[in-house]
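Written out below as structure tokens is the structure these notes cover.
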Amino acid sequence: MDFSRGRSINSDAFAGLETWEDPTPRPSPFTFEDLRDAFVEASKRQMRLRPKSPSREDLMIRRQEHDRKSLVMALNVYAKQNNMQPSELELVEIMQRNLIDEYGKGYVHFNFTVKSLDGTVHLFFAEVHPDCREVEDVYHCTALNTIDSGHCIGCKDRASDLQHPNDGGYLGGHKDVGFPFMEYDDSDSAGEDEWPTMIGLSEGDK
Ligand SMILES: [Zn+2]
């Protein structure tokens, strides 16, 4: 057998491959360890490239940002209805939050504090669509008095401290849906479009 040809092929990058001209099997220039290391490295890269599902903390932060945006929008609606400039009202803190699901229709009820130009802080109530993006998604926004204790079935168990206006005006919370609250799983839509999850909501739950 003529090995001289094989040796000359071995010196180039394709050493070890069988060719049509010379199908003689010869040892691969790659050791088992080389292949194993390459496989491990490729697997690691694949893992790094895979989009990670957001952590619980990420989801919380994302939801808080979304809530603040929703409430700033709700305040803008309130300002317009009361002939005020949006700059006259400053969102201070979200005090209570509760997501209500009524046969697939979602509402989020909020209590939050608002500072007016003279520095006084008022408690507000707002009801918005869970994926609030435009003024039409703000269903109700009003300042509260201490005597306000409007009825809300959607909040009475999950957020019993959440105050509602006495004169109503909110759409959700009037139906007794009669089954436990469902969690929205947003693991499939890690973008910014998902409904807020129920994980770690208002102080009252879990
Ligand atoms: Zn409510």
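Here are the numbers:
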{"item": "Residue that is nearest to Leu91 (Cα to Cα), among those in segment 32-65 that are exposed (fewer than 10 other Cβ atoms within 10 Å of the Cβ) and among the acidic types (Asp, Glu)", "result": "Glu57"}
{"item": "Single residue of Lys105, Lys69, Lys115 found to be within 16 Å of the ligand (Cβ to nearest atom) and surrounded by fewer than 17 Cβ atoms within 10 Å (Cβ to Cβ)", "result": "Lys105"}
{"item": "Single unsatisfied condition, Glu41 versus (1) in contact (Cβ under 8 Å) with a residue 12 or more places away in the chain; (2) more than 19 Å from Pro165 (Cβ to Cβ); (3) acidic (Asp, Glu)", "result": "(1)"}
{"item": "Selected residue (only one of Arg48, Arg36 is farther than 20 Å from Gly169 by Cα and modelled with pLDDT of 85 or more)", "result": "Arg36"}
{"item": "Residue in segment 77-92 that is without any contact (Cβ under 8 Å) to a residue 24 or more places away in the chain, of a type outside the set (Phe, Trp, Tyr) and within 14 Å of the ligand (Cβ to nearest atom) present", "result": "no"}
{"item": "Sole exception among (1) among the basic types (Lys, Arg); (2) within 15 Å of the ligand (Cβ to nearest atom); (3) surrounded by fewer than 19 Cβ atoms within 10 Å (Cβ to Cβ); (4) under 21 Å from the mean Cα position of the chain (by Cα) for Arg97, by number", "result": "(3)"}
{"item": "Test: residue in segment 148-157 that is closer than 25 Å to Lys175 by Cβ and away from the ligand (no atom under 16 Å from the Cβ)", "result": "no"}
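The values are calculated or read from the model by the stated rules, or taken from the named source; none is laboratory data. Everything quoted here is computed from the prediction, not taken from an experiment. In this analysis, Cβ positions are derived from the backbone assuming ideal geometry, glycine residues included, and neighbour counts consider all displayed protein chains.
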